[in-house]
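All remarks here apply to the structure that follows.
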Amino acid sequence: MTKRLKLVDILALGFMTFAFFLGAGNIIFPPQAGMLAGDHYTAAMIGFLITAVGLPLIGIIAVAIAGGGWKGLTRDLPTGVATLMAVLIFIIIGPAFAAPRAGLVAYEIGFKPFLSSPGQLELGAFSVVFFAAAMFFSLSQGKLIDTIGKFLTPLLFAALAILAIAVIVNPQGEVAAAQGSYVENALTTGFLEGYNTMDTFAALMFGMLIVDVIRKKGIEDNKATCMYLIYAGIIAAAGLAFVYVSLFYLGSTASVVAQGTTKRW
């Protein structure tokens, strides 16, 4: 008899996948894009959702259909090319961009405001502690679905839901006029901004990690694994879309509290 996951385990798997994708860039870029898009935020948001939600979901589905492994996903490529692609993706979503951004955002928001004269020494010390803690928790992969999917992510999602409701009920100001390239090309600019989350790359690697979690839950059948991976991707995509829409609207109505905001890269 083929083992099946309970509904609570499927939801936990989806929440865990959502947590994998929801990083520093996912919180930073949508409100900034919303602020710059201004009264064109709807078109910009649609473009952003295509690349920041649609492409990662397609990536998860591709991993599922390919059998859940990198070898199956790249079976039509030369081995050297496939290996190079994997190495580059890991560098991009790890030490090159995503990891430093995660540590810096945590420092800027959660630690720096409480310091009287912050400098590089404080940033360096915080980074050591932050990444040491991250490595400690990452060593317990078998507990990912229980600790992240069933407990931490639902709390995070509840906090984001409260934020979304507050944004709609009590907006910070009126929607301002569009700025820069958002004036004439809101959809295209939003589409390009969605790549900043780097979730399209991450989806290929996250998919394999989620397959490993599913296997550890006792699911050996390939069709069942594919189905549960797609379920997890859909749940994560729905959660990301909810977060992005609310943060876009937050940014578009925040001109009063964040005057003079410009793009800095």
* Structure fact -> Note to self: Kirkwood Rh of region 75-126, Cα pairs, one decimal, Å, is 13.3
* Going by the alpha-carbon gyration tensor, a ≥ b ≥ c the square roots of its eigenvalues, is region 172-221 rounded (a/c under 1.5) or, if a/c is not under 1.5, prolate (a/b greater than b/c) versus oblate? -> prolate
* By Kyte-Doolittle mean hydropathy of at least 0.5 and Cα axial length of at least 27 Å, which whole DSSP H helices of the chain are selected? -> 222-252
* **Pairs of Cα atoms farther than 15 Å apart, region 146-197, %** => 69
* Asked: Among the lysines in the chain, how many pairs, 8 or more places apart or on different chains, have alpha carbons under 21 Å apart?
  -> 16
* Structure fact -> One computes Rg over Rh for region 194-246 from alpha-carbon atoms, with the Kirkwood Rh, and obtains 1.05
* Paired Rg and Dmax values of the chain, which use every Cα atom, in angstrom -> 19.5, 63
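For region 1-148, go through all pairs of different Cα atoms, get the mean of 1/r, take its inverse, and jot down that Kirkwood value in Å.
18.7
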* **Global size of region 25-106 as Cα Rg and Dmax, reported in angstrom** => 16.5, 48
* Structure fact -> Note on region 126-256: the mean projected area of its alpha-carbon convex hull, in nm², is 11.0
* Based solely on C-alpha atoms, express the radius of gyration and the Dmax of region 62-218 in angstrom. => 20.0, 56
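Here, each number is a calculation from the coordinates, and none is a lab measurement. All values reported here derive from a predicted model rather than from experimental measurement.
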